[in-house]
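Structure record follows, encoded as structure tokens.
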Amino acid sequence: MRTRKLELGNRNLIGARVTEARLRLGMKQVDLLAKLQVAGIAISVPALSLLEGQKRPVSDIELNALADILSVSVDWLLGRE
């Protein structure tokens, strides 16, 4: 696994947790992108990378789809365990 080269941004709260949940499931970014596309969420590889790096805002629709795909709650993604 590669380590993050850049510091996390401040454009969303969920990026680090998306990465954590994705890796816990043994999922690569391309796998997550494919599942998002099946759910009707079309984002690019760079956009997902920016999302995980907390350098891109996340819509409520994306937040909900990510929680479903990663089998976690929206509250957990937001750090509200």
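Only the coordinates and a few stated rules stand behind these numbers; no lab work does. Just so we're clear, the structure is a prediction, and the values are computed from it rather than from any experiment. Here the Cβ positions follow ideal geometry from the backbone for every residue, glycine too, while neighbour counts run over all protein chains shown.
Table for the structure above
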item	result
Test result for LEU8, assigned to a loop (DSSP other than H, G, I, E, B), surrounded by 11 or more Cβ atoms within 10 Å (Cβ to Cβ) and more than 10 Å from the chain's Cα centre (by Cα)	yes
Single residue of ALA39, ALA67 found to be farther than 19 Å from LEU23 by Cα, out of contact with any strand residue (DSSP E or B) (no Cβ under 7 Å at 6 or more places or on another chain) and surrounded by 11 or more Cβ atoms within 10 Å (Cβ to Cβ)	ALA39
Top-ranked residue in the range 25-36 [being touching a residue at least 12 places away in the same chain (Cβ under 8 Å), out of contact with any Lys or Arg (no Cβ under 9 Å at 6 or more places or on another chain) and not in a loop (DSSP other than H, G, I, E, B); ranked as surrounded by the fewest Cβ atoms within 10 Å (Cβ to Cβ)]	VAL30
Scope the range 48-60; condition under 12 Å from the mean Cα position of the chain (by Cα) and loosely packed, with under 13 Cβ neighbours inside 10 Å; matching residues	PRO57, SER59
